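K.L.:
What follows is a structure written as structure tokens; I'll ask about it next.
Nothing in this text is a laboratory measurement; each read-out follows from the coordinates by a stated rule. Since the model is a prediction, treat every value here as computed from it, not as a measurement. Heads up, the Cβs are rebuilt from the backbone with ideal geometry, glycines too, and the neighbour counts pull from every protein chain shown.
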Amino acid sequence: MTRILVAAEVESFLRAREVPPDLHVDLLDPGAPIPSGEHEGFLALLTRRIGPAELDRLPRLRVVANMAVGYDNVDLDAARDRGVLVSNTPDVLTDATAELTWSLILAVARRVGEGERLVRAGDWAGWEPTQLLGTGLRSKLLGIAGAGRIGHETARRAGAFGMRVAYWDQDDRPELEREVGAVRVPELEDLVARADVLSIHLASTPGTRGIIDGPLLDVMKPGAILINTARGDVVDETALMERLQSGRIRAGLDVFEAEPHVPEALRELDNVVLLPHLGSATRETRQAMFDLAWDNVVRGVRGEPLLTPVT
Ligand code: GLV
């Protein structure tokens, strides 16, 4: 019998699938240590750090199927050293994450969080011509930092709001340029300086961690909006908090440096919309992510090629 370890939080998605009779699933509770055992596959969540110590507990492990497009929680070198394959879940969450990005852009531009809090607090005294005035989006520039799958889909939706698009990426993206008339900006600093809305879609890697730092935030236009639906550590959170406290810029954040910790100073600010890492959180998408991770883990334990390998 081949044993697979599956994060217990996704048991409901597992129920929609048939487990082949030669496979046995053990559920791993959130926060529980990885059992030392005979598991050959591990379907893991992004909240689970998988480094050398964790991998050493599973000497027969052949595959880690991460149920996320990002895989910064997995130490790829340690996995490679131990002959463990790693997969992620690209594509199936692209639309959902682009939609969530736009939810944040609109929420920040139109001060949706502040309005909602006002009504809920019972403090709304009636329509006023100057109440909670936001910013329109037409003709403004959407800056896409990282024009991969999610950056591309976010950019695609800009036309619906009459926005122009520029992007910064290590690669040329001719399709994006053709499809939405996006302009490539060679220096990240220029993109940051020109964007009315800067949307971050960079994977967290040693090369991108903290890339959006204080000096870069200082070149943002007054009143500009920073959106992060990628990974919290791509932005220097303390530096961002200081710039938000000064009221010079606004932000919409779905991700944080040390989740689920969200600094109190950030939670006190009205010019930032805060979400609990909801990028891919639709029913359809989460099932599709599970299905892809499951198919990867089953292939991995059978020695078949993974559908979406990252190593
Ligand atoms: C979510 O953040 C993911 O990487 O899928």
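K.L.:
Determine the calculated [θ] at 222 nm for the chain from helices alone, applying -39500 (n - 2.57) to every DSSP H run no shorter than 4 residues and normalising by the residue count; nearest 500 deg cm²/dmol.
P.N.:
-8500 deg cm²/dmol
K.L.:
Using Cα springs under 10 Å in a Gaussian network model of the chain, which residue among VAL74, VAL92, VAL119 shows the largest mean-square fluctuation?
P.N.:
Most flexible of the set in this elastic network: VAL119.
K.L.:
Related question: Let me have the relative contact order for the chain, percent, based on Cα pairs under 8 Å that are six or more residues apart.
P.N.:
So the answer I get is 19 percent.
K.L.:
Net charge within 9 Å of GLU99 by Cβ-Cβ distance, Lys/Arg positive one each and Asp/Glu negative one each, not counting GLU99 itself?
P.N.:
Combined, the nearby Lys, Arg, Asp and Glu give -1.
K.L.:
Of the options ILE4, ALA258, VAL219, report the single residue whose Cα projects farthest towards the positive end of the charge dipole of the chain (beta-carbon charges: Lys, Arg +1; Asp, Glu -1).
P.N.:
After comparing all options, I get VAL219.
K.L.:
What fraction, in whole percent, of alpha-carbon pairs in the range 94-274 exceed 24 Å separation?
P.N.:
34
K.L.:
Expressed as cubic angstrom per residue, what is the convex hull volume of the alpha carbon set of the range 1-40?
P.N.:
Given the Cα convex hull of the range 1-40, per-residue volume reads 53 Å³.
K.L.:
Still on this structure: Given Cβ point charges of +1 (Lys, Arg) and -1 (Asp, Glu) and nothing else, what value in debye, to the nearest 20, does the dipole of the chain about its Cα centre take?
P.N.:
580
K.L.:
Using only the Cα atoms of the range 175-311, build the gyration tensor, take square roots of its eigenvalues as a ≥ b ≥ c, and label the shape rounded, prolate or oblate: rounded if a/c is under 1.5, else prolate if a/b is larger than b/c, else oblate.
P.N.:
Prolate shape, in that a/c is at least 1.5 and a/b is the bigger ratio.
K.L.:
Let me test this: with uniform point scatterers at the alpha carbons of the chain, what is the Debye-based log₁₀ I(q)/I(0) at q = 0.13, 0.14 1/Å?
P.N.:
Scattering profile of the chain, log10 relative to I(0): -0.96, -1.06.
K.L.:
I would also like to ask the following. Order of 249-261, 127-139, 227-239 by packing, highest average Cβ count within 10 Å first?
P.N.:
Peptide ranking by packing, descending: 227-239, 249-261, 127-139.
K.L.:
Taking R0 as 35 Å, what FRET efficiency do you get between ARG110 and ARG49 from their Cβ-Cβ distance, rounded to the nearest 0.05?
P.N.:
0.40
K.L.:
Then there is this: At 0.36 nm per residue, and after removing the present C-alpha to C-alpha distance, how many nm does the segment from THR238 to ASP29 gain when stretched out fully?
P.N.:
Result for the pair: 72.0 nm of gain on full extension.
K.L.:
In nm, to one decimal, how far is the modelled label at ARG82 from the one at THR135, with both set 7 Å along Cα→Cβ?
P.N.:
About 4.6 nm separates the two model spin labels.
K.L.:
Would you work out the charge dipole size for the range 1-103 about its Cα centre, treating the Cβ of every Lys and Arg as +1 and the Cβ of every Asp and Glu as -1, and quote it to the nearest 20 debye?
P.N.:
Rounded to the nearest 20 debye, it is 220 debye.
K.L.:
Pull out the extension gain between GLU175 and LEU307, defined as 0.36 nm times the separation in residues minus the alpha carbon to alpha carbon distance; nm, one decimal.
P.N.:
Additional length available on full extension: 45.1 nm.
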